[in-house]
Amino acid sequence: MIASGKPRYQRHFRFNAPMHIRQHFLHVHVDKALRAKLKLAGRTVQVSRGDTVKVMAGSKRGTTGKVTSVNLRTGRIILDSLSRKNARGKEVPVSVYASNVYVTDLNLSDKFRAAKLKVAQVVPDKAVRNEAAEKPAAKEPEGTK
């Protein structure tokens, strides 16, 4: 992707990259045990909302939490377990660079993501209950008795 070896041009490339290129900046490492369990071909996967990650660098090192949002523009992710109080005392989320985390559990409820990773899709319990509620029970015709 980056054509030059000069740091100045590399910074320029990353700063001016379009969104479809910035997606590649948000690929994070996958835990070895998870990679072996799911038989993933690659070492990294694009982080997505609902993934469980562990912070590996910075002042929040060791913190584990679910990803609540991913910001492509800044290359940061927000975890549900990281927050701090602002000057008014309100809890605000703390963002972390994607390169400072690794995935410990994948959110495979999206069939397209599961197909891309060549992994079986995991259906959440709520979706199973909703599908069962949507299907009406088969009614027998009244005049057949």
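Tell me the residue from Leu79, Leu38 that is within 22 Å of Arg113 (Cβ to Cβ) and modelled with pLDDT under 90, please. Give the derivation first.
On the way: Leu79 fails: modelled with pLDDT under 90.
Result of the check over Leu79, Leu38: Leu38.
Within the range 108-120, restricting attention to residues that are charged (D, E, K, R) and in a loop (DSSP other than H, G, I, E, B), which residue is surrounded by the most Cβ atoms within 10 Å (Cβ to Cβ)? I'd like the intermediate steps shown before the answer.
Taking the range 108-120 as the starting set, the residues that turn out to be charged (D, E, K, R) are 110-111, 113, 116, 118.
Applying the additional criterion that residues be in a loop (DSSP other than H, G, I, E, B) yields 110, 118.
Working: Asp110: 14, Lys118: 10.
For the range 108-120, the residue satisfying everything is Asp110.
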Open item on the list: Which of the helices (runs of 4 or more DSSP H) found entirely inside the range 5-95 contain at least 3 residues meeting this: exposed (fewer than 12 other Cβ atoms within 10 Å of the Cβ)?
Closed with: 7-15, 32-38
Open item on the list: Tell me the residue from Glu140, Glu131 that is acidic (Asp, Glu), part of a helix (DSSP H, G or I) and at pLDDT below 90, please.
Closed with: Glu131
Open item on the list: Test of understanding: among Val30, Val47, which residue is farther than 15 Å from Val119 by Cα, of a type in the set (A, V, I, L, M) and touching a strand residue (DSSP E or B) at 6+ places or on another chain (Cβ under 8 Å)?
Closed with: Val47
Open item on the list: Can you report the number of residues in the range 15-26 which are within 16 Å of Arg113 (Cα to Cα) and either without any contact (Cβ under 8 Å) to a residue 24 or more places away in the chain or of a type in the set (S, T, N, Q) (or both)?
Closed with: 2
Open item on the list: With over 14 Å from the mean Cα position of the chain (by Cα) and either over 24 Å from Val123 (Cβ atoms) or among the aromatic types (Phe, Trp, Tyr) (or both) as the only criterion, which of Val92, Val101, Val28 stands out?
Closed with: Val92
Task: All positions within the range 31-68 that are charged (D, E, K, R) and more than 26 Å from Pro124 (Cα to Cα) - done: Lys60, Arg61
TODO: Tell me, yes or no, whether the range 99-107 has at least one residue that is of a type in the set (Ser, Thr, Tyr), touching a helix residue (DSSP H, G or I) at 6+ places or on another chain (Cβ under 9 Å), in a helix (DSSP H, G or I) and surrounded by 13 or more Cβ atoms within 10 Å (Cβ to Cβ).
DONE: yes
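The values are calculated or read from the model by the stated rules, or taken from the named source; none is laboratory data. Worth saying up front: this structure is predicted, and the values here are computed from it rather than measured. We place every Cβ from the backbone using ideal geometry, glycine too, and count neighbours over all the protein chains shown.
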